[in-house]
Amino acid sequence: MTELLTRQKKIRNFCIIAHIDHGKSTLADRILEYTGALTSREMQAQVLDKMDLERERGITIKLQAVRLNYKADDGEEYILNLIDTPGHVDFTYEVSRSLAACEGALLVVDAAQGIEAQTLANVYLALDNDLEIIPVINKIDLPSAEPERVKQEIEDVIGLDTSDAVHASAKAGIGIKEILEQVVQKVPAPTGDPEEPLKALIFDSHYDPYKGVIVYVRVVNGSIKSGSKIKMMATNKTFEVIEVGAFKPSMTIIDELNVGDVGFIVAGIKNVGDTRVGDTVTDAKHPTAEPLSGYRKINPMVFCGLYPIETSDYNDLREALEKLQLNDASLTFEPETSTALGFGFRCGFLGLLHMEIIQERIEREFNIPLITTAPSVIYRVTLTNGEELQIDNPSLYPEQGKIEFVEEPFVKASIIVPNDFVGAIMELCQGKRGEFVDMQYLDTTRVTITYQIPLSEIVYDFFDQLKSSTKGYASFDYELSGYRRSNLVKMDIMLNGEQVDALSVIVHRERAYNRGKLICEKLRELIPRQMFEVPVQASVGTKVIARETVKAMRKNVLAKCYGGDISRKRKLLEKQKEGKKRMKQVGSVEVPQEAFMAVLKIDESK
Amino acid sequence: MSAAPHAIYIHIPFCTNKCHYCDFNSYVLKGQPVMDYLKAMDQEMARTVEAIPPQTIDTIFVGGGTPTVLEPEQMAYFLNTVKTHFPDWNPAIEFSMEANPGTTDKEKLKAMRDGGVNRISFGVQSFNNHLLHDIGRIHNTDDVYRSLENARAVGFENMSIDLMFGLPKQTLEVLSETLDRALELDLPHYSIYSLKVEENTLFHRLYQRNQLPLPSEDDELMMYQMIMDRLRSAGYHQYEISNFAKPGYESKHNTTYWRNEDYYGIGAGAHGYVNHARHINIKGVNPYIEAACKGLPRLNTFTVDKNEAMEDFMMVGLRMDEGASKTRFALQFEGRQMDEVFHKELTSLLQMELVEELPDGYRLSEKGILFGNNVFGTFVGALSEG
């Protein structure tokens, strides 16, 4: 037992928090390389970002864990568990999961850019979790690096002591050893008791087609090995452990997991619902009295309909969503039907990026072509009879006459920009029905601007406009701040006289006319000509507020003579047909996939 | 169907020059081993009839390229090899050869006539000399008249000309004049095709650079309608989307393709359809010659399964005014009923008024003719996918 306690003292669990692009993944790679977890030959940039999508977009979506051995300057061998975290605002939830499994965090800040909106959001989460924070000033080799200014900023804005802050360059391999030394010296060892009954936090899981659900845990008390009988405290399900292992970084089977260890459990768990991320694993025979507190669950804020283009893919789509949900508890879905699109699912996401990523993963990893409807938020509708409804799908919006009032969610948006762009930001936020709250100087050149903005406007195209109006210099974070009454109406779209439920949107009354016009124009561009003229109309109630026409295709003849080359004719027709596969037959009109997102692709500023 | 085909397609891949829109398998004549090529075809025919002994031949079509670039002696030699390997000709055989105006002197025409050719299809394309120049044709309208005169003089009476519409800078007036000139000739057959800009042509490169002033879609549609109206009132029967004939002068050879029946394919790049298998021959002249000395010069051979064949039957059959015949369908597919096999497709097309039902099958409706691709596309993959 003393041996175990000695070992426990040598464990350090830490994560890295940073704003997107501040070099978190590169730093993780360097740490792996430095500790010999991987030889440089094995290194592939961004080892911890496993998904193709993560590598392509240069972002981390899923958290990953890895166990490292490090011989410190004090001559002792330490076990370091590094848990990678996503940096994007949509994935705050994932960040909170990794924080709960750690005692320390590296706060990585770009030496040229300084603190950004997500740096702040994540650092406050870490402070809430009582983590030891080690500031790292990264990219100090850049000509534009100003480490002293950035350190001052950290002290002023966050209130952290930066006198020991490491000057590093993950890219150039500078400061890596110093970072590891600080992890060993400053991050506390885990404090649990090996003799107490098992208590471990599930911080993630994934589904393996051969082994079933693989549960990622951080052991708080006790130990776990193959043969142990375990119980999931939230679901009360018991299992026998088949394998335990560690991430080195590939999954490696080991004898047991002890206090402070981060690893995985295989226990023949078939059902995705039996393990909940945030739940506590305990010993089935000698359960612990109290489960761990888990962490705050964030509810989805953005909703959209996902429909398979091919009706026959419906069940595959359900399975795909189930599998994705296994690794992503924040994704919600329930069946819904649309007159236009048939059977599909209403899905809830943390934000727009989250939505795009799920959609792309379904199309890529599961090969199911999808139609996505325009994203919506949850509206609270109070009817004249006093009943209150929660509406996340515009097609379910009640008749105007029955509505007493409507409330929509607002967010508190914090935007950090160089002061040259203050005017642009204010114009943008005002245009999005935003309400000014506050403006504060971070230093002489950068300001934090705070606005109250309807979430539906953020969802709409705020990110793109923010980027273009500040040349990419702005960083942005938001949190839900409550519901407010708004003057909203439902706008319907009709194609060839038929209302298409999947195209309905909820808009502010004053903007309905303009948005209706733009949507109709966009649809006219997107819908290919059919054999007949297709009127495209937008209406509020019974009143048509905008109209465009997709002119009829006049002819489609293959008149050229190809002699006996029938296979060539066939190929041409197959090509034509291939194009149609991306279309959905809505009534008599063939509508391309992207038309259902048309509402997002319009530029209101023109 | 183990019976041998009754139709033969033969490809002569040489032209005096390449037209700006052409992506057919053709090569500029100068310096080409023409005689070696004809000998190689002799070999291919020998091997072909050895594999599938021929029965009575009903139609032969010699296309290109420009078959009439052959010298009279070469022409005589070539036609003799055809007759040698395929000796049993239907007394009413249709033996067509493509010709370009300006490549047909009397001597050559006589060699054709002597070798059994009884139908000529001239690639006239337009009666406007400016347009002809702009699309890369080397002949002018005088050549057309002279060629037709020569052909009549040596005894050809069954003749057709090809015309094109939708050409760059072509207007309705220009086309109308061309139709006047063409109909004045009072030929028994006209093929009138719309220009399609194909990859690997000069037109395609110009098109991509936005330098190809094609008529608007509306104009092209009016052109097509004008063609159909004018030909109809002149007493011609539109027996296929692009083909018009006086009664009894419909091309029997092309009808073979449209009925999805078998045909031998001989020569570089030629396609054949024999016993449920399609083949494509090697395309280059020299590679073809080399390959034909060693065996059948195939680039590719693939079997067409029954589902695909049934789809093809509809796809090509609906091009004809006689339509896709239920009886022929049942005959080709061991009693399968068209109405059952394509119930869903036909119902939907009838509902959209793109096809109409005939006593023995279906054909394109007046509207359907304009949307042929939508109709044919309905059948492609209907049985062979999923």
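A few points about this structure:
- Selection status of A:Q452, at pLDDT 90 or above, within 23 Å of A:E510 (Cβ to Cβ) and part of a strand (DSSP E or B): yes
- Unique residue being in a helix (DSSP H, G or I), within 26 Å of the chain's Cα centre (by Cα), within 14 Å of chain A (Cβ to nearest Cβ) and at negative phi when the list is B:F313, B:F302: B:F313
- Flag for B:A292 being free of Cβ contacts under 8 Å to residues at least 60 places away in the same chain, more than 12 Å from chain A (Cβ to nearest Cβ) and out of contact with any Ser or Thr (no Cβ under 7 Å at 6 or more places or on another chain): no
- Of all the criteria given as (1) open to solvent by 20 Å² or more (accessible area, probe 1.4 Å); (2) within 14 Å of another protein chain (Cβ to nearest Cβ), the one not satisfied by A:I566 is (1).
- Among residues of region A:314-335 that are open to solvent by 40 Å² or more (accessible area, probe 1.4 Å), those with a beta-carbon under 7 Å from a residue that is small (G, A, S) at least six positions away or on a different chain give the pairs A:T332/A:G348.
- Residue in region B:57-68 that is buried (at least 19 other Cβ atoms within 10 Å of the Cβ), at positive phi and in a loop (DSSP other than H, G, I, E, B) present: yes
- Being part of a strand (DSSP E or B), in contact (Cβ under 8 Å) with a residue 60 or more places away in the chain and crowded, with 21+ Cβ neighbours inside 10 Å is a property that A:I371 has.
- Failed item, numbered, when A:K580 is tested on (1) away from every other protein chain (no Cβ under 14 Å); (2) surrounded by fewer than 18 Cβ atoms within 10 Å (Cβ to Cβ); (3) under 32 Å from the mean Cα position of the chain (by Cα): (1)
- Any hit, region B:293-309, residues being within 30 Å of B:P359 (Cα to Cα), out of contact with any helix residue (DSSP H, G or I) (no Cβ under 8 Å at 6 or more places or on another chain) and of a type in the set (G, A, S): no
- Looking across region A:163-185 at every residue that is of a type in the set (D, E, K, R) and either assigned to a helix (DSSP H, G or I) or in contact with a strand residue (DSSP E or B) (Cβ under 7 Å, 6 or more places away or on another chain) (or both), the one that is least open to solvent (accessible area, probe 1.4 Å) is identified as A:E181.
- Any chance B:Y273 is out of contact with any helix residue (DSSP H, G or I) (no Cβ under 6 Å at 6 or more places or on another chain) and under 18 Å from B:G63 (Cβ atoms): yes
- Going through (1) at pLDDT 90 or above; (2) open to solvent by less than 30 Å² (accessible area, probe 1.4 Å) one by one, A:K231 falls short only on (2).
- Which numbered condition A:R55 fails, given (1) open to solvent by 50 Å² or more (accessible area, probe 1.4 Å); (2) modelled with pLDDT of 55 or more; (3) outside any loop (DSSP other than H, G, I, E, B); (4) not small (G, A, S): (2)
- Residue in region B:255-278 that is within 12 Å of another protein chain (Cβ to nearest Cβ), free of Cβ contacts under 8 Å to residues at least 40 places away in the same chain and in a strand (DSSP E or B) present: yes
- For region B:216-240, a residue qualifies if it is in a loop (DSSP other than H, G, I, E, B) and in contact with a strand residue (DSSP E or B) (Cβ under 8 Å, 6 or more places away or on another chain), and exactly one does: B:Y236.
- Scanning region B:343-365 for residues that are open to solvent by 40 Å² or more (accessible area, probe 1.4 Å) and within 12 Å of another protein chain (Cβ to nearest Cβ), we see that the one that is farthest from A:S588 (Cα to Cα) is B:E353.
Here is a yes/no grid of residues against (1) in contact with a helix residue (DSSP H, G or I) (Cβ under 9 Å, 6 or more places away or on another chain); (2) farther than 21 Å from B:A268 by Cβ; (3) assigned to a helix (DSSP H, G or I); (4) outside the structural domain of B:A151 (by TED's automatic domain parsing):
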| site | (1), (2), (3), (4) |
| --- | --- |
| B:N17 | no, no, no, no |
| B:M75 | yes, no, yes, no |
| B:N90 | no, yes, no, no |
| B:M112 | yes, no, yes, no |
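- Test: B:A324 is open to solvent by less than 10 Å² (accessible area, probe 1.4 Å) and either in contact with a Phe, Trp or Tyr (Cβ under 6 Å, 6 or more places away or on another chain) or under 30 Å from A:V589 (Cβ atoms) (or both): yes
The values are calculated or read from the model by the stated rules, or taken from the named source; none is laboratory data. Keep in mind the model is a prediction, meaning the values are calculated, not measured. Don't worry about glycine lacking a Cβ; one is built from the backbone with ideal geometry, like all the others, and counts go over all protein chains shown. When the accessible area is computed, the model is the full protein with side chains, heavy atoms only, and any ligands, DNA or RNA have been set aside. Shrake-Rupley method; radii C 1.70, N 1.55, O 1.52, S 1.80 Å.
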